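Student: Sharing a structure with you now.
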Amino acid sequence: MASAIHLTPSALPAAGMKKRRAMSWITLAAALISLIALLPLAFIVWMAIQTGWDTVVALIFRPRVGELLINTVLLVIVTVPIAITLSVALAWLTERSDLPGNRLWSWLSVAPLAIPAFVHSYAWISFVPGLHGLWAGVLVSVIAYFPFLYLPISAALRRLDPALEDAAAALGLGPWRVFARVVLPQLRLAICGGSLLVGLHLLAEYGLYVFIRFDTFTTAIVDQFQSTFNGPAANMLAAVLVACCLFLLALEVMIRGEERYARVGSGAARKQQRARLGRATLPCLLLPAAVALLSLGVPFVTVGRWLLAGGADVWRWDEIGLALGQTMFLALVGAVLATVAAMPMAWISIRAPGRLQRLLEGCNYIVGALPGVVIALALVTITVRVALPLYQTLFTILFGYALMFLPRALISLRASIAQAPVELERAASSLGRPPVKALWATTIRLSAPGAAAGMAMVALGITNELTATQMLAPNGTRTLAMAFWSYSGEIDYASAAPYALIMVAMSLPMTWWLYVQSKRMAGR
């Protein structure tokens, strides 16, 4: 008994010291990765300092930048409200009404995510050759990006407690006023989050707007880079673009507010009864049918038409096989790298929350808000000026992918680690396993499904990535997106069609997974 009493206190501090040492190493790794994630932002600041204040002012305050700013602002302020209105209407019809075939229409409202934005633009410019300018950009942008709003809004509608609407109706409010005063305010978080995603995509997109000849900051940065190989003008345009992204982030936080949206009453929320459309059924069916026709029908019909026009000659299997192999290799390795880099941050965000954790996590999300062209521009300049042997190497492009898609992996890992009980780690440690082995045997294995989901999301992003791949890829690299862009740039739309079809086919499983996950979140 005496020996046991003496041994136990000495063993516990030793185990505690090992655990604290493991936590310090994980925290250090998370801090290092977060600092690396800020590299593109630091690059923009450093380039502004190096360029000199007078040159910065001359490059930023000039008519061309004003034109680009007007184009970009108009694109965002016109596209986002239209996408919000369309998504709310579709979500209400598919989740809260007795619309015939609502499950089918719900899936068709998410399916456009499987089609890369530049493929949407390619399809529309083939279908309507004279489609150019701001309103063309608004049309194709809404079609390509409204699912980012539809997914969270439909999930939020499914979770709302109908008792609040019943109480408002009992007080004499009509259906429209109930929706405006009770339902719509509860959708604020979903609308703000989806609008932020759409806005950031509008700022970052390149291929979509090149097809329709609409100039934005991203198209101007790439053109400037290609003409002067990363001169000060391209860097200052990137600085303005970063400022626009940070402004959108701040605006979303301000509009979102800090109100509570959780139900606090006793008991469980009852199931929402679907509204009867009655005579309005047929007119209401026209909306999802028209959206599906514009967002899915036009791309598939256009690709099919070009495939038929090109015949068997456009299926150059040696080129297609090489592009497919390189795309899958980059997507797989990039997804693994991004997921591994996200693990330390995801672990401390759940196991050791605090001010330091929130600061480090914010660094990772900031880089996710930066356009790919800015990250690529930063890596190109750094490798050329500091580490020339790394310029246009496999390491650089994979490093760029890890920075760009780190938030996607982080979000999935956080959710899966949160569902792994910390008591299992403690039990494994108490059985004599070192902290790292205990972490591997319990939490990491239990979070494997979330890690796989995160890897799938990163792989999807890499598959459809164009701008950063063009700027960072080693000589001889030809991904599906690059091959598609090469042929479409030569106006050889028939040869580009097989690559568009393969990219859509690779993206569909991931889009289906997102749809299923949104239904699980909504309680289905």
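The values are calculated or read from the model by the stated rules, or taken from the named source; none is laboratory data. On a predicted model such as this, the values are computed, not experimentally measured, just so you know. Heads up, the Cβs are rebuilt from the backbone with ideal geometry, glycines too, and the neighbour counts pull from every protein chain shown. Surface accessibility is based on the protein's heavy atoms, side chains included, excluding ligands, DNA and RNA. Shrake-Rupley method; radii C 1.70, N 1.55, O 1.52, S 1.80 Å.
Student: Output the number of the condition that Gly321 fails; it satisfies all remaining conditions of (1) under 30 Å from Pro474 (Cβ atoms); (2) open to solvent by less than 30 Å² (accessible area, probe 1.4 Å).
Tutor: (2)
This table checks each residue for (1) in contact with a Pro (Cβ under 7 Å, 6 or more places away or on another chain); (2) part of a helix (DSSP H, G or I); (3) under 21 Å from Leu282 (Cβ atoms).
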position: Val80; (1), (2), (3): no, yes, no
position: Ile84; (1), (2), (3): no, yes, no
position: Glu95; (1), (2), (3): no, yes, yes
position: Pro100; (1), (2), (3): no, no, yes
position: Arg103; (1), (2), (3): no, yes, yes
position: Pro112; (1), (2), (3): yes, yes, no
position: His132; (1), (2), (3): no, no, no
position: Trp135; (1), (2), (3): no, yes, no
position: Ser141; (1), (2), (3): no, yes, no
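Student: If you go through the range 61-100 one residue at a time, how many are among the small types (Gly, Ala, Ser) and surrounded by 19 or more Cβ atoms within 10 Å (Cβ to Cβ)?
Tutor: 3
Student: Then there is this: Could you tell me whether Leu151 is in a loop (DSSP other than H, G, I, E, B), of a type in the set (A, V, I, L, M) and in contact (Cβ under 8 Å) with a residue 60 or more places away in the chain?
Tutor: no
Student: If I go through the range 143-162 residue by residue, how many of them are touching a Ser or Thr at 6+ places or on another chain (Cβ under 6 Å) and of a type outside the set (Phe, Trp, Tyr)?
Tutor: The total comes to 5.
Student: Another question, then. Restricting attention to the range 210-268, which residues are among the acidic types (Asp, Glu) and at pLDDT 85 or above?
Tutor: Asp215
Student: Any chance the range 381-400 includes a residue that's buried (at least 19 other Cβ atoms within 10 Å of the Cβ), within 27 Å of Ala452 (Cα to Cα) and among the small types (Gly, Ala, Ser)?
Tutor: Within the range 381-400 (the criterion being buried (at least 19 other Cβ atoms within 10 Å of the Cβ), within 27 Å of Ala452 (Cα to Cα) and among the small types (Gly, Ala, Ser)), the answer is yes, since at least one residue qualifies.
Student: Is at least one residue of the range 140-151 over 23 Å from Ala190 (Cβ atoms) and either open to solvent by less than 10 Å² (accessible area, probe 1.4 Å) or modelled with pLDDT under 85 (or both)?
Tutor: Yes: one or more hits.
Student: Mind listing whichever residues of the range 194-215 are within 17 Å of Ala369 (Cα to Cα) and in contact (Cβ under 8 Å) with a residue 60 or more places away in the chain?
Tutor: Result: Gly194, Ser195, Val198, Gly199, Leu200, His201, Leu202, Leu203, Ala204, Glu205, Tyr206.
Student: Something else about it: Do we have any residue at all in the range 331-338 that's closer than 23 Å to Thr477 by Cβ and free of Cβ contacts under 8 Å to residues at least 60 places away in the same chain?
Tutor: no
Student: Does the range 101-111 hold any residues that are touching a residue at least 12 places away in the same chain (Cβ under 8 Å) and either open to solvent by 30 Å² or more (accessible area, probe 1.4 Å) or of a type in the set (Lys, Arg) (or both), and which are they?
Tutor: Trp105, Trp107, Leu108
Student: Let me ask something additional. Taking the range 366-391 on its own, how many of its residues are without any contact (Cβ under 8 Å) to a residue 12 or more places away in the chain and of a type in the set (A, V, I, L, M)?
Tutor: Looking only at that region, the number is 4.
Student: Considering only residues of the range 480-490 that are of a type outside the set (Gly, Ala, Ser) and open to solvent by less than 10 Å² (accessible area, probe 1.4 Å), which is farthest from Trp317 (Cα to Cα)?
Tutor: The residue in question is Phe484.
Student: Looking only at residues that are of a type in the set (S, T, N, Q) and within 15 Å of Pro40 (Cβ to Cβ) in the range 336-383, which one is nearest to the chain's Cα centre (by Cα)?
Tutor: Once the filter is applied, the top-ranked residue is Asn364.
Student: Out of all the residues in the range 346-359, is one or more in contact with a Phe, Trp or Tyr (Cβ under 6 Å, 6 or more places away or on another chain) and open to solvent by less than 20 Å² (accessible area, probe 1.4 Å)?
Tutor: Checking the range 346-359: not a single residue is in contact with a Phe, Trp or Tyr (Cβ under 6 Å, 6 or more places away or on another chain) and open to solvent by less than 20 Å² (accessible area, probe 1.4 Å).
Student: Go through the range 216-225 and count every residue that is in contact (Cβ under 8 Å) with a residue 60 or more places away in the chain and farther than 14 Å from Thr72 by Cα.
Tutor: Matching residues across the range 216-225 total 2.
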